[in-house]
Amino acid sequence: MQKGSDLLVKALENEGVDRIFGVPGEENLDFLESLRTSHIKLVLTRHEQAAAFMAATHGRLTGRPGVCLATLGPGALNFSTGAAYAHLGAWPMILITGQKPVMSAKQARFQIVDIVASMKPLTKMTRQIVSPAAIPATVRDAFRVAMEERPGPVHLELPEDVAGEEVEEIPVIPVHPLERPIAPSAALDRAEAAILAAKRPLVMIGAAGSRPWLTEALSAFVARTRLPFFNTQMGKGAVTGGSNLYMGTAALSEGDYVHEAVARADLIIAIGHDTVEKPPFLMKSSGGPKVIHISFQSATVEQVYHPDIEVLGDIGASVDALAERLDGRLTADEGMVELRQKILARLNDRAEEDRFPITPQRVVHDVREAMPEDGIVCLDNGMYKIWFARNYRTHVANTLLLDNALATMGAGLPSAMMAAMLYPKRRVMAVCGDGGFMMNSQEMETAVRLGLNLVVVILNDSAYGMIRWKQAVDGFEDFGMRFGNPDFVKYAEAYGAKGSRVTAVSDLVPMIEAAFAGGGVHVLDVPIDYAENTRVLVDELRNRTPDVGCA
């Protein structure tokens, strides 16, 4: 005989799960006991939200669902932001929550919230497990649904009495590979004809192009076709290497230097664009470049995105087929080549300026200098995200992790912790604003307890800087966005981590190098001057001569 919780743990082992992140509660105790005798490691976090961010990042980096655990009611509700983070980001994860017994009500309605209903708009599937016999099939289905395109979170609720019920041995269901549909030849024919007819085609790589297994296919497509490309924020790094075809990253929706390339193009080949991202360019109802949508699923038609041709199926197979058809048949647009030099030169402007507090351009420059090509930088959400998206050059896929879908604060540190667990031999850095860092700063204890090697850069302006900037841009008074901070060096030391404060521009790179050399968790408090936000992202772009709004 075995308990329902034993069946659940065996089903998770069958799926290859090696870690579960979370904060268990009373209703999880049977599951916790089953977990204790398994090979799955429990990673105890200090808040359920951080556990969900870590599980989602596991899915993002590996393509396999991360798993997180919480109790009923308040614990389960703390998963909500992490579930939405994975749902909008399209990262596979499994959320497991407890619940009071369903066959009795000895505690009446104490702590009971309908979590299955609350998770419905935040997940691909949410289900209460009503019988131990259903567990193997339910778990297999949950992992399949989480990994199918479009990937995302799946929620399973395990009531206390179902977890503790004893049943006869029930076998797990064998894991089978997922097969992705292949685009029909007719769609490839239309795309091929449109690309050959175009005089100035331009490739855009979006969020769905960053699936871990697509790097080789997308890199080969660019190399074989020699087509210039740009990417969305979440498509950044999908093509490996320092290609001389890279035109930039669309950190804004219009009016940036990369949009000169968009305005020049007569055809945009949008690979893996997902409209959950803030628009990388704006389509108008008439005129402007035609758009080919190449993705796993049909486009979500929006006011600003309504493609003319769709190629639907496995992205890797689609771009491989197109590269075979187009190889050697395309002529480079010299105007795009010249434009690339102009765009990248503007992005490098003032990157080595010695002003202190440090400017965002200098932070990006120095982080890039200190990080090896395979080093992973995990961004929280704030003004610096735009600067990293515009100015940080990636050479290896999935080495700049940012969220341009839910764009939540508080995910930077947990996502970096997950990256450090998965890749202990690579340099991993979290870059957080002071506001975002403090939203999950308690996970410093978790990082230290786990023995992670991790550098946390805190960009310190004692304010919610992005919203304060927007206040100024929109003509509002400076109000309600400033706060005080702890002494971040002492704060780090209180958790058993190391801390340093940058007091001169020349400090940053040596301090990063020393932090990585010393190992463990190291916090760097970096004062930042956000005056450049207005000078560059408002005044400079507004006063440019060319009309670069996407036609």
key: the stretch 86-113 - residue that is in a loop (DSSP other than H, G, I, E, B) and modelled with pLDDT of 95 or more and, of those, farthest from residue 57 (Cα to Cα)   = 90
query = Can you pull out the residues in the stretch 300-339 that are assigned to a loop (DSSP other than H, G, I, E, B), buried (at least 17 other Cβ atoms within 10 Å of the Cβ) and at pLDDT 95 or above?
reply = 307, 313, 314
ask   = Would the stretch 77-92 turn up any residue that is without any contact (Cβ under 8 Å) to a residue 12 or more places away in the chain and among the polar types (S, T, N, Q)?
value = no
Within the stretch 183-219, tally of residues that are part of a strand (DSSP E or B) and in contact with a Lys or Arg (Cβ under 7 Å, 6 or more places away or on another chain) = 0
key: the stretch 66-75, subset touching a residue at least 40 places away in the same chain (Cβ under 8 Å) and assigned to a helix (DSSP H, G or I), residue farthest from residue 206 (Cα to Cα)   = 73
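Residues are listed down the side, and each one gets a yes or a no for (1) assigned to a strand (DSSP E or B); (2) modelled with pLDDT of 95 or more; (3) over 19 Å from residue 33 (Cα atoms); (4) more than 30 Å from the chain's Cα centre (by Cα):
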| residue | (1), (2), (3), (4) |
| --- | --- |
| 120 | no, yes, yes, no |
| 126 | yes, yes, yes, no |
| 137 | no, yes, yes, no |
| 155 | yes, yes, yes, no |
| 181 | no, no, yes, no |
query = Yes or no: residue 275 closer than 21 Å to residue 86 by Cα and buried (at least 24 other Cβ atoms within 10 Å of the Cβ)?
reply = no
message = Quick test for you: out of 318, 298, pick the one residue that is assigned by TED's automatic domain parsing to the domain that holds residue 189, over 20 Å from residue 247 (Cα atoms) and without any contact (Cβ under 8 Å) to a residue 24 or more places away in the chain.
response = 298
task = For the stretch 167-181, state whether one or more residues are over 30 Å from residue 69 (Cα atoms) and touching a residue at least 40 places away in the same chain (Cβ under 8 Å).
result = yes
message = Which condition from (1) more than 29 Å from residue 168 (Cα to Cα); (2) in contact with a Ser or Thr (Cβ under 7 Å, 6 or more places away or on another chain) is the one that residue 63 breaks?
response = (2)
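One line per residue, one yes/no per condition, for (1) in contact with a strand residue (DSSP E or B) (Cβ under 9 Å, 6 or more places away or on another chain); (2) over 28 Å from residue 334 (Cα atoms); (3) at pLDDT below 95:
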| position | (1), (2), (3) |
| --- | --- |
| 159 | yes, yes, no |
| 168 | yes, yes, yes |
| 171 | no, yes, yes |
| 185 | no, yes, no |
| 202 | yes, no, no |
| 213 | no, yes, yes |
| 219 | no, no, yes |
| 239 | yes, no, yes |
inquiry  = Tally up the residues in the stretch 247-274 that are touching a residue at least 60 places away in the same chain (Cβ under 8 Å) and either under 11 Å from residue 336 (Cβ atoms) or outside any strand (DSSP E or B) (or both), please.
reply    = 19
ask   = Quick one: would you say residue 372 is buried (at least 21 other Cβ atoms within 10 Å of the Cβ) and of a type outside the set (D, E, K, R)?
value = no
inquiry  = Go through the stretch 162-179 and report how many residues are part of a loop (DSSP other than H, G, I, E, B) and β-branched (Val, Ile, Thr).
reply    = 4
Residues satisfying the stated conditions in the stretch 12-65, i.e. charged (D, E, K, R), touching a Gly at 6+ places or on another chain (Cβ under 9 Å) and not in a helix (DSSP H, G or I) = 19, 64
inquiry  = For the stretch 489-528, which positions are more than 18 Å from residue 420 (Cβ to Cβ) and under 25 Å from the mean Cα position of the chain (by Cα)?
reply    = 525, 526, 528
query = Would you say residue 104 is over 20 Å from residue 31 (Cβ atoms) and in the same structural domain as residue 48 (by TED's automatic domain parsing)?
reply = no
First in the stretch 440-457 and surrounded by fewer than 20 Cβ atoms within 10 Å (Cβ to Cβ), second anywhere and of a type in the set (Lys, Arg), Cβ under 7 Å, 6 or more apart = 442/46; 445/46
message = Can you find a residue that is assigned to a helix (DSSP H, G or I) and either farther than 22 Å from residue 527 by Cβ or assigned by TED's automatic domain parsing to the domain that holds residue 41 (or both) anywhere in the stretch 366-388?
response = no
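The values are calculated or read from the model by the stated rules, or taken from the named source; none is laboratory data. Everything quoted here is computed from the prediction, not taken from an experiment. Heads up, the Cβs are rebuilt from the backbone with ideal geometry, glycines too, and the neighbour counts pull from every protein chain shown.
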